[in-house]
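Derivation of every value follows stated rules applied to the coordinates shown; laboratory data play no part. This is a predicted model, so every value here is computed, not measured. No Cβ is skipped: glycine too gets one built from the backbone with ideal geometry, and neighbour counts run over all protein chains shown.
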Amino acid sequence: MKRYYDKINNRLVYIGKASNSDFWDKHWNDYSFSKMYPVLLSPFDYVIRNTKKYLKKGSTIIEGGCGIGQEVYKLQKYEYKVIGIDYAEKTVAIVNKFKPELEVRIGDVRILDFEDNTFDGYWSFGVIEHFYNGYDEIIAEMKRVIKPNGYLFINFPHMSKLRNKKAKNDNYKIWKNDDELIKNFYQFALDHKTVIEKLKEYDFCYVKKQHLTGIKGLKDEVSLFKKLLQKIFDSRSIPIIALSKFISFIFNRYSSHSILIVMQNKKNRK
């Protein structure tokens, strides 16, 4: 995956494989479905912890761009009424076959097939960064389907302090709008302040942010330790997982790969 720095928008541009529905069907096909739906869930899981803080059990939640539905599964286990939407048809078909108890549908996050003010909450895990032409349509639909005073939970790769420092030191190639490169656009690492301001334009009110996966940001950006950190990051050993979480905790505010933003839909747009 090649990375470029977009000076105008303060974001990284990742070029590799085009992030379309075919890509995601192949991507999710590489995962073991049994491992993605654990029998026992941790009450310390950041998705469950953040949802419980703002939404009571029985609340209605949509996950836009749900992939194989592992977060739909977790939220449903905690007694939320959850619907997952994804545009990768083969992936949705597999989920419907192997996890028919989950309500996962084919859909487009830019044109949702729901009435206004349908959901108490909306979770978005790593979606908006995959749209080269911007995410206004997605936010407009988020605004429309979330009830007044409902909550939006949105995470995405972002410009951490480490990435900003590297950009300032000219450690990335500078991005130019090249049509050939754009054909293989994968994602952005976005400026989270810009995203927050865009959400405020749609009358969402800022609640909080949370830095995530400091170890991934560190391994991706510091080549000297990449091999070691990759082994730690990939390990499924319980002690190594604990070490991975400790490293993330230490470095989250400096090298977090992604960030969670919580916003509240306080107003109706005129």
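Only helices enter this figure: runs of n ≥ 4 DSSP H residues, each worth -39500 (n - 2.57), summed and divided by the residues of the chain, yield -11000 deg cm²/dmol at 222 nm to the nearest 500.
Computed extension gain for TYR132 through GLU180, at 0.36 nm per residue and net of the alpha carbon distance, reaches 15.9 nm. In order along segment 205-219, the Karplus-derived 3J(HN,Hα) couplings, from 6.51 cos²θ - 1.76 cosθ + 1.60 at θ = phi - 60°, round to 9, 5, 10, 6, 10, 9, 6, 10, 6, x, 5, 5, x, 5, 5 Hz, and Gly and Pro are given as x.
Modelled spin labels at LYS77 and LYS226, positioned 7 Å past Cα toward Cβ, are 3.4 nm from each other.
Net length available on complete extension from LYS161 to ALA93 is 20.5 nm, with 0.36 nm assigned per residue and the Cα-Cα distance removed. Its alpha carbons give segment 197-252 an Rg and a Dmax of 15.5, 44 Å. Calculated on C-alpha atoms, the gyration radius of segment 93-232 divided by its Kirkwood radius gives an Rg/Rh of 1.01. Over all distinct Cα-Cα pairs of the chain, the Kirkwood formula returns a hydrodynamic radius of 19.4 Å. Over segment 161-270, the alpha carbon radius of gyration divided by the compact-protein estimate 2.2 N^0.38 Å works out to 1.32. Length gained on full extension, LYS53 to SER237: 63.3 nm, using 0.36 nm per residue less the C-alpha separation. Counting only the Cα atoms, segment 35-77 fills a convex hull of 77 Å³ per residue.
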